[in-house]
Structure formats: structure tokens, C-alpha cells
Amino acid sequence: MYILRAFPFSFAILWRYALVLPIMVLVFCVYAIVAVMFGYLFGLISPAIAILMAAAMGMACSVMPAMIGTRIGMQAKGVQPRNSYASMILPAVGYGLFEGFCILLTFALAFGAVVMATPLTPMEILSINASGSDAVFLRLIEENAAVTLPAFAVAIFWTLSVRAALLVPFVGASVGLDPNGRAHTPFYGFGSGFWSLLILVILSYASTFLLTPILGVIAHLIGFGDSIALGAEQIEQFAETARFDLIGVEAIVLVSCVILITLWLFSLQCAGAVLVFMSHKKAYDIAHEDLNKPQQMPDEPPMPKTDMRELIRSRMPHHHR
């Protein structure tokens, strides 16, 4: 079962991911600067192209970490990629646009259904939105919670389902290979191992969402609540003053735990995707091993000695006495 096997394998991805994380952060910073520059240049030509490019670059940023995690997992399985890290950008943009379109369409339909079920007018929603998107969501719940909560729950479930269905194609794109050893085919393996990967994706994102509150409760239980609260204030002051001496040890430990556990939870879904991909590869190898195996002719049983004697006698000339 992929879910149970993903847990131990995720640690093989985790420590490798932790090693490349600082480099990945720097690369993403450079990537963001380049994206802003290109967006500005294309904005001089056409604002629509600039918006489309910004959306593509932004969605690629959400796909690239998953592709890097699956690439690391494939290397942990002994599979050598046939492409470079730079060549992963184009597939990441493509898959990111597809995923973003699905998410946008889903939430647009959910929001439209909720608005139609409430007496709010578009102008009222825009005025409420001035206070933030959270204010709109809370107001919609007040107006009609029976429609709002299920609609957005379905939208979130669909969003996670799209990510689960795309994880195996992410694996192929990350190493530039299909299970048969050929160059990556777009969307190859789409939906493979869906239910197992969906459980891992839900577990990963739900645990990440609850991680900080859970660690906060644990910190209060062991008597570090005040230190953590003070550390949070110090981190906020650090963002304004950039003074490292304001950050306490407890805050550093809390942030480090959050990063490490979040990285492990993310590695969990990458591990499941790699295991599904490798099962396809193993099935392909077994099938072609049987086809390529030389066919052995069955050994003929030795002729009995009595038959040999009769054969010799039949070939000898007959002598008449």
C-alpha cells in the first residue's frame, strides 16, 4: 500500500531536501527577480500578456517544489534524471497553468453558487471585499452557511484532487522520463494511484495548516508559552529593524521545527508519487523482460535402448541362409 510505504521513504527525501533547501531558496529569489523584470518588459507591450506571464510564473513556483521533491525521490531510488534543473521550468509552467485554471474555475463556480444563494448584490460584495477576502467569506457564512460551507468544501476537495492527480506526471517531468525509459510525455500517469495520493495530499496540507497551533499548544503545556509569544514579537520587530539580537532562542527553535515538519509533510506526498511511478516502471520492466527472454526449446527425451537396437537391425542388410 502506497500510504504505508510513503512514510519511511519520505525520510529519505527529507534529509536530501533539507540539504538543497538553502540553494533552492536562493534560486527562487533569483527566479522572482527575473520574473518581475520580464513582467515589467512585457507590460510595456501588453498588460494582458504581463498578467498572463505573472500567473504562469506564479503557478510554476507552486509546482517546482513538488517537482524538486519527486526528482530527489527518484534519485534516492537510483534513477538518474535525463534533464537538468533548468529544463524543469517549462513543464512546471505548463502544469502550473493547468492546475491554476482548474482551481480558478472551481472557486469561481463555488463563489457564484454561493452568491446566487444569498441576497447580497455584487456591489455589496465589492464593498465588503474592501475589508479583506476573509470578511467576504464570513459575511457569506452569516447569510447562508448551509450553502457556503459545502460549496467551498467541495472546491477545496477538488483543488486537492487536482494536485493528487498531477503528482505522478510531476515525477516524470522532474526527471524527463516515462516509466518505459522514453522522454517524458505530458500528463503521463495522470490520476495514477489517485486515492492513495489524495489521502497523502490531504494529510500533508491539513497537518501543515494545523502545525503552528499544535506546536503553540505544546509550547504552552511545557511552559514555553510566554517565551514563544515574546519570540513572535521579536520576529515582528526583526522584520522592521533587521536586528538579529531581537530574536530569542525559543523563537528560532519554533520556526526551525515548523520548517522541518512542514518539509517532511511535503516530502510525504512526493514519496507517494515516486512509489506510484516506480510501480509503473517495475511493471513495464517485468513485462518486457518476459518478452525479451529467449524461448528455450523443450529437451527431447532420449530414445530408449530397445528402439535404438530395432533401428540398427532395420538398417542392416538381410542375409539369407
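The values are calculated or read from the model by the stated rules, or taken from the named source; none is laboratory data. Everything numeric here is computed off the predicted structure, so don't read it as measured data. Positions of Cβ are backbone-derived with ideal geometry, glycine not excepted, and every protein chain shown enters the neighbour counts. Remember, those area values only see protein heavy atoms, side chains included, never the ligands or the DNA or RNA. Shrake-Rupley method; radii C 1.70, N 1.55, O 1.52, S 1.80 Å.
Of the residues I89, I68, I51, I72, which is open to solvent by 60 Å² or more (accessible area, probe 1.4 Å), closer than 27 Å to F9 by Cβ and of a type in the set (A, V, I, L, M, F, W, C)?
After applying the criteria, what remains is I89.
Condition check ((1) in contact with a strand residue (DSSP E or B) (Cβ under 7 Å, 6 or more places away or on another chain); (2) closer than 30 Å to C270 by Cβ; (3) modelled with pLDDT under 90) across all residues:
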position: S87; (1), (2), (3): no, yes, yes
position: N144; (1), (2), (3): no, no, yes
position: V162; (1), (2), (3): no, yes, no
position: A165; (1), (2), (3): no, yes, no
position: T185; (1), (2), (3): no, yes, no
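Okay, residues lined up against (1) small (G, A, S); (2) exposed (fewer than 15 other Cβ atoms within 10 Å of the Cβ); (3) more than 19 Å from the chain's Cα centre (by Cα):
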{"residue": "G94", "(1), (2), (3)": "yes, no, no"}
{"residue": "L97", "(1), (2), (3)": "no, no, no"}
{"residue": "C102", "(1), (2), (3)": "no, no, no"}
{"residue": "P122", "(1), (2), (3)": "no, yes, yes"}
{"residue": "F152", "(1), (2), (3)": "no, no, yes"}
{"residue": "G172", "(1), (2), (3)": "yes, no, no"}
{"residue": "D178", "(1), (2), (3)": "no, no, no"}
{"residue": "H184", "(1), (2), (3)": "no, no, no"}
{"residue": "F187", "(1), (2), (3)": "no, no, no"}
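Taking the conditions (1) open to solvent by 60 Å² or more (accessible area, probe 1.4 Å); (2) assigned to a helix (DSSP H, G or I) in turn, Q80 satisfies each one other than (2). In this structure, R139 does not qualify as among the basic types (K, R) and buried (at least 18 other Cβ atoms within 10 Å of the Cβ).
Okay, residues lined up against (1) out of contact with any Ser or Thr (no Cβ under 9 Å at 6 or more places or on another chain); (2) modelled with pLDDT of 85 or more; (3) of a type in the set (S, T, N, Q):
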site: T212; (1), (2), (3): yes, no, yes
site: D226; (1), (2), (3): yes, no, no
site: G231; (1), (2), (3): yes, no, no
site: T241; (1), (2), (3): yes, no, yes
site: V249; (1), (2), (3): no, no, no
site: C257; (1), (2), (3): yes, no, no
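Can you say whether G112 is surrounded by fewer than 17 Cβ atoms within 10 Å (Cβ to Cβ) and not in a helix (DSSP H, G or I), as far as the supplied structure shows?
Values: surrounded by fewer than 17 Cβ atoms within 10 Å (Cβ to Cβ): yes; not in a helix (DSSP H, G or I): no.
Taking the combined requirement at face value, the residue does not satisfy it.
M74 - would you say it is modelled with pLDDT of 85 or more, of a type in the set (A, V, I, L, M, F, W, C) and in contact with a helix residue (DSSP H, G or I) (Cβ under 9 Å, 6 or more places away or on another chain)? Considered against the rule, which asks whether it is modelled with pLDDT of 85 or more, of a type in the set (A, V, I, L, M, F, W, C) and in contact with a helix residue (DSSP H, G or I) (Cβ under 9 Å, 6 or more places away or on another chain), M74 comes out as yes.
Here is the figure for region 171-183: residues that are in contact with a strand residue (DSSP E or B) (Cβ under 7 Å, 6 or more places away or on another chain) and without any contact (Cβ under 8 Å) to a residue 60 or more places away in the chain total 0.
Checked against the criterion of being open to solvent by less than 60 Å² (accessible area, probe 1.4 Å), more than 17 Å from T70 (Cβ to Cβ) and not small (G, A, S), region 8-24 contains not a single residue that satisfies it.
Within region 272-290, is even one residue at pLDDT below 70 and in contact with a Gly (Cβ under 6 Å, 6 or more places away or on another chain)? No, that holds for no residue. Among residues of region 83-105 that are within 17 Å of A164 (Cβ to Cβ), those with a beta-carbon under 8 Å from a residue that is assigned to a helix (DSSP H, G or I) and aromatic (F, W, Y) at least six positions away or on a different chain give the pairs Y95/F170; C102/W158.
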